[in-house]
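Some notes on the structure that comes next.
The values are calculated or read from the model by the stated rules, or taken from the named source; none is laboratory data. Bear in mind the structure is a predicted one, so any value in this text is a computation, not a measurement. Neighbour counts are summed over all protein chains in view; Cβ atoms, including those assigned to glycine, are modelled from backbone coordinates with ideal geometry.
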Amino acid sequence: MRRIYFLFLVFILVSGCTAQVPGEQSSATPSEFPIQKNETPPKEKQTELIQTNKSDTEGASKINETIPNMPISKPNESVVKINATTNVSVNKTIQINQTTNKFNQPNQTIYTDKFIVANPFDLSQASVISKFRSCVGHDYSGMNSDGQRETKRSMKHYIDAINSLKGTSGQIKVFAPFNGTIMNIEQDFAGFEGKQRGIQVWLSNPNNDGWLFVFFHVDLLSSLKKGSEVKAGELIGYANVDGGENFDITLKKFVFPSFDPSTFDEEKKPESMVEGSANVLTSPFLHMSPEVLKQYQNKGLKVDDFIISKSSRDAKQCECIDESCNFPSNSPQSHPEDWIIIN
């Protein structure tokens, strides 16, 4: 009987030590009960940024500027956004390593579609830039970013050099507009200028969303090749305007879901691609970060200055003078409506 009584006392003592007083909070920390990935964040947290580990090697994320009420990121924050309220997936964010050393700076707004974070050329070396949908050069058209087919217009930008650099090669600097990869290199036969000069260079952007930045008529540095990774603002070569007036830039993507520019074969590409029906084209100026656009704003220019609207061009089509749809001679003096003066 004494033994049973003793065991009963031990049971009472142990139960008393482990019981929680009513109303008392558990001592467990929040980190011991992590939020599951599929949980919807509390309403009061819906527009907040979540600070992650400061050693996060993925770097800082960029969040679409159109998200309403999105707060500006704080210093030294490696951030992700809350998918449930922004509808922009985390894998669409991009790193901003070059300017922030993997972390955001004070008062820096975060973006996703403004992935051109370095000017692709030295603005001081450019005299004029043709507008998107101009009648400069030749027909270079396809679908626009809204999926509408366009024809008889130049859906790229020509950059003319300042007088002291006209007719040169190895002088006009071109830079990687973002952290990316050289996905393809093509020979520029330059049939419209009558002479081969330079190459085309295609760069993939950090969003991995299919947009390729394309340089026309450039000489790539010998240290770079197809597959080379480049950093935003890195010198990658020089425009070749030896025997030509200008070099060109555009943003391009292909509508083929399985298209892989890294395995692209110019000689085997589909006929539809030759005709341009598979090309989706847009202006690089629409995807420049505020920091890059500020260089143009300092010259009194804004994005709209570089774009001719589809409706305006549809109302006044460019004239083709041959079967290849070359356009008549076009200069800033003869057709100022097609050009923007820089210097």
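Under the condition of being modelled with pLDDT of 95 or more and in contact with an Asp or Glu (Cβ under 7 Å, 6 or more places away or on another chain), the residues counted in segment 260-297 number 1.
Which fully enclosed strands (runs of 3 or more DSSP E) of segment 168-252 have 1 or more residues being at pLDDT below 90, more than 20 Å from VAL128 (Cα to Cα) and of a type in the set (Lys, Arg)? Where strands (runs of 3 or more DSSP E) fall fully within segment 168-252, none carries at least 1 residues being at pLDDT below 90, more than 20 Å from VAL128 (Cα to Cα) and of a type in the set (Lys, Arg).
Given the structure, is GLY300 at pLDDT 60 or above and loosely packed, with under 12 Cβ neighbours inside 10 Å?
Details: at pLDDT 60 or above: yes; loosely packed, with under 12 Cβ neighbours inside 10 Å: yes.
Considered against the rule, which asks whether it is at pLDDT 60 or above and loosely packed, with under 12 Cβ neighbours inside 10 Å, GLY300 comes out as yes.
Can you confirm whether SER222 is touching a residue at least 24 places away in the same chain (Cβ under 8 Å) and either of a type in the set (S, T, N, Q) or farther than 26 Å from ILE308 by Cα (or both)? Working first, answer last.
Values: touching a residue at least 24 places away in the same chain (Cβ under 8 Å): no; either of a type in the set (S, T, N, Q) or farther than 26 Å from ILE308 by Cα (or both): yes.
Judged against the criteria, SER222 is not a match.
If you check LEU286 against the conditions, is it under 29 Å from the mean Cα position of the chain (by Cα), part of a helix (DSSP H, G or I) and without any contact (Cβ under 8 Å) to a residue 12 or more places away in the chain? When the stated conditions are applied, LEU286 does not pass them.
Applying the condition of being in contact with a Cys (Cβ under 9 Å, 6 or more places away or on another chain) and part of a strand (DSSP E or B) to segment 118-139 and asking which residue is surrounded by the most Cβ atoms within 10 Å (Cβ to Cβ) yields SER134.
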